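The structure appears below as structure tokens.
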Amino acid sequence: IEIYKLHVDSKVTSRFAHTVITSKIVNRAKESREVTFEVELPKTAFITNFSMSVDGKVYPGVIKEKASAQKEYDTAVSQGQGASLIRITGRKLEQFHISISVAAASKVTFELMYEELLKRQLGKFELLIKVRPKQPVTHFQIDVHIFEPQGIGFLETDSSFRTNELTKALSKVQSETKAHILFKPTVDQQKIDPELNENLLNSDFVVRYDVKRGPTAGDIQIANGYFVHYFAPHEMPALPKNVVFVIDRSGSMAGRKIEQTRDALLKILQDFRRKDRFSFITFNNKVVEWKSSLLQATSENVASAAGFVQTISASGGTDINRALLTAISVLDKAERLPEKSVSMIILLTDGQSTSGESNVEVIQESIRKAVNGKYALFCLGFGFDVSYKFLEKMALSNGGLAHRIYENADADLQLQDFYQEVATPTLKEIKMHYPENAVEGLTKNNFKLFFEGSEIIVSGKISNELGLLPVEIKAHSHTGDLTLREEANVKEKEQVFQNQSYIFEDFTERLWAYLTIQQLLEKAISAPEGNQKILEAKALDLSLRYSFVTPLTSMVVTKPDDQQQMELANKPTEAG
């Protein structure tokens, strides 16, 4: 089986990435052989298309509503349940895998297409490409085009290539608003050893960049009747924060997990600003408060906390409800907190609630009532014994996020990275206003917090007659109330995207659809059941209209006649 061509073609237009992976394979054996197409793609991406072409005949994947796709599959495949073509393979990636039987001397072409909106984290956008052909490929290339009308501030490529030969195969061309990265190693450059026919290409290929920003109300881009507004104010003073860490020290955390948690907390303590206030609560079946109130992050208090962190050991059960209610009470009782400060609770747990209240719905409701919109709750699930669904709903119901910490050697770094993302709040209660009579289908435009290094994105459809799109942003900053205004000239903005050869036409509309689906699905997690159905129905409608494989749709892949004919590609989620 020879892979004679493998091309990855990625076009990024204003953070929206459209990637096509094409693999051409020939069976040089004298009899039929099984041929496999296996690629990894980011979890945040939605597959939009897949096709196989065998000896010139095309077998396209068809995206359908999940239940009807499953019904069709069950009818066609009587020998029981097959596995989905997509599965999660790690922290950032999922794998698409399909095998078909190919006759002697026959050729097959696989083509997979996916799209994602790159998310700014810690001041960078990251495009992650992973290919592992397992054999040298005659025509191999990764071709990345980036167009950012705001201007590219910095650009770097990163890969864990093991030889300088591979580094030589990489070229970068960059102008004010565009970048072209081409990685095109020869067969010899791909080999581990000239004698062996193994491929060195078994690493992540990452492009990281950021865009230039002025001190304005962000950047508005308009094309094909849709606008996208990017807002990431920089160099603003941090708001003081009041943080209560709620740390699980039940028996299941014993050993490596508790060690990594201690290491991460010791590093996090060093990152506090003097104006911050903090406390620790540890819990198993008992809840222990380090101090009965929040303390300011003076060097003495930080040193005292470090001493406490080093004594945390693991045993006993898990009482999540009482631990969180204690944390909420610490914030409720806190006196003389700065008016312009941000209060948050960070929960780290590796299991289910086994002591005290164990009914997840009761816990979620009791925490929602107690928080009452005053604080942000971030839930970190350590490993795979946690009920991620429970943590995710609880976090999203209380203005925060859930995040899984993978049990790897770098779990302490994952904890630190998460903390870094929320360490510097610079704005709170951000409201983005657009003219109601001229904009429809607006994505989320009110945000509880803005963290340094992230980005707020709002998109919508504008009416045909609109000549100017006015924008007003209101927020609370360190110094007081903030109001920013901007006005975009629709015609001028549309000119920017004309005559750009490698931009896919309707990128603003597809970006709007992608963002709307993501937000509807997220909102559905914490919504009451009746609303959940309405939100999911809207997300399903958009998923089908724009051809996205989302958790509500499936792709039905039909194989050539002489083999098990049908496979399903379902989008996995972190909550399973």
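The values are calculated or read from the model by the stated rules, or taken from the named source; none is laboratory data. For clarity, every value in this text was computed on a predicted model and none was experimentally measured. Please note: Cβ atoms are built from the backbone with ideal geometry, for glycine as well, and neighbour counts cover all protein chains shown. For accessibility, only protein heavy atoms count, side chains too; no ligands or nucleic acids. Shrake-Rupley method; radii C 1.70, N 1.55, O 1.52, S 1.80 Å.
If I filter segment 528-546 for residues that are outside the structural domain of Ile88 (by the TED database), open to solvent by 40 Å² or more (accessible area, probe 1.4 Å), small (Gly, Ala, Ser) and under 28 Å from the mean Cα position of the chain (by Cα), do I get at least one hit? Yes: one or more hits. Looking at this structure, is Ser84 of a type outside the set (D, E, K, R) and either in a helix (DSSP H, G or I) or open to solvent by 40 Å² or more (accessible area, probe 1.4 Å) (or both)? Judged against the criteria, Ser84 is a match.
Take Gln135 and decide whether it is surrounded by 14 or more Cβ atoms within 10 Å (Cβ to Cβ), of a type outside the set (Phe, Trp, Tyr) and in a strand (DSSP E or B).
Judged against the criteria, Gln135 is not a match.
For segment 281-303: of the residues being of a type outside the set (A, V, I, L, M) and in a strand (DSSP E or B), which is surrounded by the fewest Cβ atoms within 10 Å (Cβ to Cβ)? Break it down into steps so the answer makes sense when it comes.
Of segment 281-303, the ones of a type outside the set (A, V, I, L, M) are 282-286, 289-293, 296, 298-301.
Right, trim to in a strand (DSSP E or B) and you get 282-283, 289, 296.
Working: Thr282: 24, Phe283: 28, Glu289: 17, Gln296: 15.
If we take residues in segment 281-303 being of a type outside the set (A, V, I, L, M) and in a strand (DSSP E or B), then Gln296 is surrounded by the fewest Cβ atoms within 10 Å (Cβ to Cβ).
Just to be sure before I move on: is Glu111 over 22 Å from the mean Cα position of the chain (by Cα), farther than 24 Å from Ile142 by Cβ and open to solvent by 40 Å² or more (accessible area, probe 1.4 Å) in the structure I sent? Against the criterion (over 22 Å from the mean Cα position of the chain (by Cα), farther than 24 Å from Ile142 by Cβ and open to solvent by 40 Å² or more (accessible area, probe 1.4 Å)), Glu111 does not qualify. Those strands (runs of 3 or more DSSP E) of segment 212-280 in which at least 3 residues are out of contact with any helix residue (DSSP H, G or I) (no Cβ under 7 Å at 6 or more places or on another chain) and more than 30 Å from Gly151 (Cβ to Cβ), considering only elements entirely within it, cover 241-248.
If I filter segment 349-407 down to residues being outside any loop (DSSP other than H, G, I, E, B) and of a type in the set (Lys, Arg), which single residue comes out as least open to solvent (accessible area, probe 1.4 Å)?
Within segment 349-407, the subset outside any loop (DSSP other than H, G, I, E, B) is 349, 360-371, 376-382, 388-397, 402-405.
Within this subset, residues satisfying the condition of being of a type in the set (Lys, Arg) are 368-369, 389, 393, 404.
Working: Arg368: 104, Lys369: 140, Lys389: 140, Lys393: 66, Arg404: 22 Å².
Filtering first and then ranking leaves Arg404.
The conditions are (1) surrounded by 21 or more Cβ atoms within 10 Å (Cβ to Cβ); (2) within 29 Å of Phe450 (Cβ to Cβ), and Arg274 fails exactly one of them. Which is it? So the condition that Arg274 fails would be (1).
Somewhere in segment 114-121, is a residue among the hydroxyl-bearing types (Ser, Thr, Tyr) and more than 23 Å from Ala17 (Cβ to Cβ)? Lay out the reasoning, then the answer.
Within segment 114-121, the first condition is being among the hydroxyl-bearing types (Ser, Thr, Tyr), and the residues that meet it are 114.
Imposing the further condition that a residue be more than 23 Å from Ala17 (Cβ to Cβ) reduces the set to none.
No; the residues of segment 114-121 include none that is among the hydroxyl-bearing types (Ser, Thr, Tyr) and more than 23 Å from Ala17 (Cβ to Cβ).
Somewhere in segment 32-52, is a residue among the polar types (S, T, N, Q), open to solvent by less than 20 Å² (accessible area, probe 1.4 Å), on the phi < 0 side of the Ramachandran plot and modelled with pLDDT under 95? Let's see the steps before the verdict.
To start, the set of residues in segment 32-52 that are among the polar types (S, T, N, Q) comprises 32, 36, 44, 48-49, 51.
Add one more test, that the residue is open to solvent by less than 20 Å² (accessible area, probe 1.4 Å), and what stays is 48.
From what's left, on the phi < 0 side of the Ramachandran plot: 48.
Restricting the remaining residues to those that are modelled with pLDDT under 95 gives none.
Within segment 32-52 (the criterion being among the polar types (S, T, N, Q), open to solvent by less than 20 Å² (accessible area, probe 1.4 Å), on the phi < 0 side of the Ramachandran plot and modelled with pLDDT under 95), the answer is no, since none of the residues qualifies.
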